[in-house]
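Bear in mind that the values in this text are calculations on the coordinates, not laboratory data. Computed from a predicted structure; not experimentally measured. Note that we place each Cβ from the backbone using ideal geometry, even for glycine, and neighbour counts take in every protein chain shown.
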Amino acid sequence: MSMKMPRPIAPDLHPIATGNYRIATPAIQELHELVMRCLRYRTTGALIHGASRIGKTRAIEYVRLLLAETHPKITTYHAQAEHKPRHAEGPFLSNLLEAVGYPDPDHGSNPTKRIRLINKIREACAKNGGGTVILFCDEAQRYDDNEYEWLRDVHDHLDRLQIKLFTILVGQQDLLAIKIAMQC
């Protein structure tokens with residue numbers, strides 16, 4: 001007579017069945033190593049590119065979870081660039097405010113949004129007891145020249161407050177072409 005042990009979780013709720021699990025693939029480990037090199041050598045920007053639908057967004061989520069565990073004083077954010085027919089500072093700042101968890105990201109003038117963004121990041125750093133922020137900009141090939149300039153303005157403002165912003169641009173192959181064009 002054998003006793004059947006109860007399952008710890010119903011088969012249809014298991015992470016494999018729901019797809020709610022994270023595995024550190026070699027590509028994800030490379031992203032993590034890149035981020036760690038940026039922090040070690042104080043390189044405030046990096047670029048990751050790859051084909052569409054290969055897991056770049058999931059890699060960002062994994063690395064953020066890992067950093068929260070291993071480096072709790074580092075504040076991380078994940079901004080998702082949206083496709084826009086027209087690029088304007090207001091929607092760009094609203095998108096960043098949403099990424100940092102500001103409750104009403106669309107409200108206010110552009111200067112007000114910029115100050116709210118800076119203050120929200122400063123508060124998070126104070127809460128974590130650190131002065132380092134990593135901003136993952138997903139689908140960064142969607143940004144235009146102005147959005148990169150606005151991002152640099154945020155970086156410079158935070159730098160004046162003794163907060164180091166590390167920006168990791170993540171996107172499709174077009175992102176590499178944008179980088180090369182900007183370098184020229």
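Ellipsoid semi-axes for the chain, based on the Cα gyration tensor and the rule √(5λ), read 33, 20, 18 Å when sorted largest first. The packing ranking, built from the mean of other Cβ atoms within 10 Å per residue, places the peptides 45-54, 31-40, 168-177 in the order 168-177, 31-40, 45-54, highest first.
How far, in degrees from 0 to 90, does helix 110-128 lean away from the longest principal axis of the Cα atoms of the chain, to the nearest 10? Value to nearest ten degrees: 50.
Taking the longest Cα principal axis of the chain as reference, the axis of helix 89-99 is set at about 30 degrees.
Among the listed pairs 120/179; 73/127; 113/164, a Cα-Cα separation exceeding 18 Å is found for 120/179; 113/164.
Helix 56-70 axis versus longest C-alpha principal axis of the chain: approximately 80°, rounded to the nearest ten.
Of the trypsin sites (Lys or Arg not before Pro) found in region 85-133, those that fall in a DSSP loop while having at most 11 other beta-carbon atoms within 10 Å are 86. Centre-to-centre, using Cα atoms only, region 140-180 and region 17-45 are separated by 18 Å.
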